[in-house]
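Here's the structure, in structure tokens; my notes come after.
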Amino acid sequence: MNTSKPVAIITGGASGIGAATAMSLVEKGYVVYVLDQNAALLSNLSSSDDLPSNLHYLTVDVADEAALSSAINEIMSTEGRLDAVAAVAGISLTASLVETQTNDWDAVQRVNLRAVYLLGRLTAPHLEASNSGSFVAVASELGTVGHSGLAAYGAAKAGVINLVRVMALEYAARGVRFNVVAPGGVDTPMMEREQKRLGLTVADAASNIPMRRLARPSEIAAVIIFLLSYEASFVTGATFIADGGYTAQ
């Protein structure tokens, strides 16, 4: 059944920034498809009595080309259109250069960079067909500056920023906008897990942020929503840094 409502795909939407972005789009009347590989969490979310009728969850490894392609084809067969895409899925790794094992490096590049490339390549034709499509990838402030212990993560996020610039140029005259949001520290489950692994607290992560706090997921989602919207109709190839002043130092 094709829909007249705008349709959006959000990767990594089971929690954190992705979940906040998905809920905001749902409230704005989009039909939203959340793609995430956390099957247990998606099952819990799907079983909620309060699940909006325009919100759908698909368990997908977004770095697996065949699985992602199948999910996108399923969405297009059902909805017949695609208007907005947010590539939010990501993993973190804090380790020195010599401590970063090759398999860990590959895992970070796979989820944080390869998945964005695949999502862009597979959705761009559908976004172009909508005549006003918009694609936003979540990178990081750490893709714009160096930071000890973040070789794999920083490299992947820097790659996302330049990948999106290239996509923006290729589609600038074809009705699709590509932009990046580069957050600083955000109070998400991923942040909590990584801080715990390092023997630190979430509060410790805010100590070097001039605003002296982490962002709320909804604050980053608001920037994503702006870039997806018509209000940002002349914005493409841009990187919006939302980091509480960290990179201004």
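Observations on the model:
- The set of residues from region 22-53 being polar (S, T, N, Q), surrounded by fewer than 18 Cβ atoms within 10 Å (Cβ to Cβ) and in a loop (DSSP other than H, G, I, E, B) comprises 38, 47, 48, 53.
- Single residue of 164, 181 found to be of a type in the set (Val, Ile, Thr) and part of a strand (DSSP E or B): 181
- Taking first residues from region 77-95 that are in a loop (DSSP other than H, G, I, E, B) and partners that are of a type in the set (S, T, N, Q), the Cβ contacts under 6 Å between residues at least 6 apart in sequence or on separate chains come to 80/2; 81/130; 83/130; 88/11; 89/11; 90/112.
- Hits in region 24-52 (condition: in contact with a helix residue (DSSP H, G or I) (Cβ under 8 Å, 6 or more places away or on another chain) and of a type in the set (A, V, I, L, M)): 25, 31, 32, 34, 35, 51
- Residue among 246, 153 that is more than 15 Å from the chain's Cα centre (by Cα) and at negative phi: 246
- Within region 94-135, the set of residues being under 15 Å from residue 158 (Cα atoms) and within 17 Å of the chain's Cα centre (by Cα) comprises 108, 109, 110, 111, 112, 113, 114, 115, 116, 117.
- Verdict on residue 62 being part of a strand (DSSP E or B) and touching a Leu at 6+ places or on another chain (Cβ under 8 Å): no
No lab work stands behind these numbers, since they all come straight from the coordinates. Keep in mind the model is a prediction, meaning the values are calculated, not measured. Positions of Cβ are generated from backbone atoms using ideal geometry, with glycine treated the same way; all protein chains shown enter the neighbour counts.
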